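Some notes on the structure that comes next.
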Amino acid sequence: MSSADLPFKTISVVGLGLIGGSIALAVRERWPAMRITGVDRKAVLAHALGGGAIDRAVDSAADACEADLIVLAAPVRQNLKLLGEVAQRLPATTVVTDVGSTKRGIVDAAAALACTSFVGGHPIGGAEQGGFGFARPDLFRHRPWIFTPSASTPAPALERLFEFARGVGARPSTMSADDHDRVMAFLSHLPQLTASALMEIIGSSAGHHALRLAGRGLVDTTRLASSPAETWRDVCATNDDAIGQALDVLIARLSELRADLRGGDTVNRVFTDAARWRAELMSGRD
């Protein structure tokens with residue numbers, strides 16, 4: 001592939017965890033000629049360099065600004081700080097995006113910094129466990145990648161990001177930061193908090209030995225409970241209003257079920273509606 005075919009000739013990935021590491025691996029697989037700079041802890045950088053995922057390692061985001069694309073792939077609140085570090089040192093042609101699960105905070109921060117080259121991003125890909133050791137190049141294949149451009153976003157920057165996302169196998173789309181955070185509160189944040197709370201309650205109530213009696217249903221239902229708390233603390237803190245509303249809806253529905261355990265009408269209604277929405281969720285999936 002010639003350099004003319006690359007959406008970006010150079011990329012800096014700030015944070016080589018599951019998502020950032022998978023972006024680096026996907027770029028290496030799809031565009032071997034693209035030069036990749038990584039920013040992370042020394043041990044992580046040594047792992048990434050040793051495995052060929054990156055070409056160059058630097059100590060700080062400020063040292064990684066000389067790139068056509070900068071991807072902020074640290075936890076959400078850390079990305080806010082990193083954006084401030086890079087905003088004043090960006091070449092005019094550099095595009096900046098992030099991969100955070102909430103978007104309003106960083107989009108507002110970019111506006112306050114007059115960083116018009118920033119486009120909020122959220123690749124919908126994940127796994128039970130984080131870290132570079134679990135990164136893989138196919139993490140985004142056939143998965144949505146949402147961008148949240150502002151009114152000042154240059155059209156060519158968004159076009160190049162769409163090309164980049166498609167190149168690593170994702171399906172890019174756009175929505176507003178407000179809509180993104182409201183929708184993700186239900187699609188992602190509520191399921192995570194529910195799975196973690198459910199596993200904590202079951203484990204502390206049933207105990208170590210009783211868990212050995214659990215069937216596959218519990219295993220599948222609580223898959224997300226292995227997710228790292230440090231990541232989700234940031235998500236909760238930066239989307240607390242929308243998540244709070246989603247939790248209120250869930251608590252109200254559980255209260256309805258609790259009040260009608262003997263009657264069964266609420267059980268019938270909830271189970272019927274749930275089965276219908278589950279079929280819709282699974283329709284057309286690979």
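The values are calculated or read from the model by the stated rules, or taken from the named source; none is laboratory data. Computed from a prediction, not measured in an experiment: that's the story for all the values here. All Cβ positions, even for glycine, are placed from backbone atoms using ideal geometry, and neighbour counts span all protein chains on display.
Results, tabulated for the structure shown:
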quantity: Number of the exception - Thr266 against (1) among the β-branched types (Val, Ile, Thr); (2) within 30 Å of Gly130 (Cα to Cα); (3) without any contact (Cβ under 8 Å) to a residue 60 or more places away in the chain; calculated: (2)
quantity: Selection status of Thr238, surrounded by 17 or more Cβ atoms within 10 Å (Cβ to Cβ), in contact with a Ser or Thr (Cβ under 7 Å, 6 or more places away or on another chain) and within 30 Å of Ala67 (Cβ to Cβ); calculated: yes
quantity: Residue, farthest from the chain's Cα centre (by Cα), within the range 191-221, restricted to residues that are over 25 Å from Arg278 (Cα atoms) and among the polar types (S, T, N, Q); calculated: Ser205
quantity: Residue identified as exposed (fewer than 13 other Cβ atoms within 10 Å of the Cβ), free of Cβ contacts under 8 Å to residues at least 40 places away in the same chain and within 19 Å of Val76 (Cβ to Cβ) among Gly217, Gly244; calculated: Gly244
quantity: Only listed residue being modelled with pLDDT of 95 or more, surrounded by fewer than 14 Cβ atoms within 10 Å (Cβ to Cβ), in a helix (DSSP H, G or I) and of a type in the set (D, E, K, R), chosen from Arg269, Arg262; calculated: Arg269
quantity: Qualifying positions in the range 168-192 - in contact with a helix residue (DSSP H, G or I) (Cβ under 7 Å, 6 or more places away or on another chain) and aliphatic (A, V, I, L, M); calculated: Val168, Ala177, Ala185, Leu190
quantity: Condition met for Thr231 (of a type outside the set (A, V, I, L, M, F, W, C), modelled with pLDDT of 95 or more and either assigned to a helix (DSSP H, G or I) or under 27 Å from Arg171 (Cα atoms) (or both)); calculated: no
quantity: Ala275 vs. criteria at pLDDT 95 or above and farther than 21 Å from Ile106 by Cβ; calculated: yes
quantity: Any helices (runs of 4 or more DSSP H) falling wholly within the range 74-193 and containing at least 3 residues that are without any contact (Cβ under 8 Å) to a residue 24 or more places away in the chain and out of contact with any Cys (no Cβ under 8 Å at 6 or more places or on another chain); calculated: 155-167
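Table: residues versus (1) within 30 Å of Asp181 (Cβ to Cβ); (2) within 23 Å of the chain's Cα centre (by Cα); (3) not aliphatic (A, V, I, L, M).
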{"position": "Leu6", "(1), (2), (3)": "no, no, no"}
{"position": "Leu18", "(1), (2), (3)": "yes, yes, no"}
{"position": "His47", "(1), (2), (3)": "no, yes, yes"}
{"position": "Ala53", "(1), (2), (3)": "no, yes, no"}
{"position": "Val58", "(1), (2), (3)": "no, no, no"}
{"position": "Ala64", "(1), (2), (3)": "yes, yes, no"}
{"position": "Arg77", "(1), (2), (3)": "yes, yes, yes"}
{"position": "Leu83", "(1), (2), (3)": "yes, yes, no"}
{"position": "Arg89", "(1), (2), (3)": "yes, no, yes"}
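Residue by residue, here is whether (1) crowded, with 17+ Cβ neighbours inside 10 Å; (2) assigned to a strand (DSSP E or B) holds:
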| position | (1), (2) |
| --- | --- |
| Phe8 | yes, no |
| Ala24 | yes, no |
| Arg28 | yes, no |
| Ala43 | no, no |
| Ala46 | no, no |
| Ala53 | yes, no |
| Ala57 | yes, yes |
| Glu66 | no, no |
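Residues are listed down the side, and each one gets a yes or a no for (1) buried (at least 18 other Cβ atoms within 10 Å of the Cβ); (2) over 17 Å from Lys103 (Cβ atoms):
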position: Val168; (1), (2): yes, yes
position: Asp179; (1), (2): no, no
position: Leu193; (1), (2): yes, yes
position: Met199; (1), (2): yes, yes
position: Leu224; (1), (2): yes, yes
position: Arg253; (1), (2): no, yes
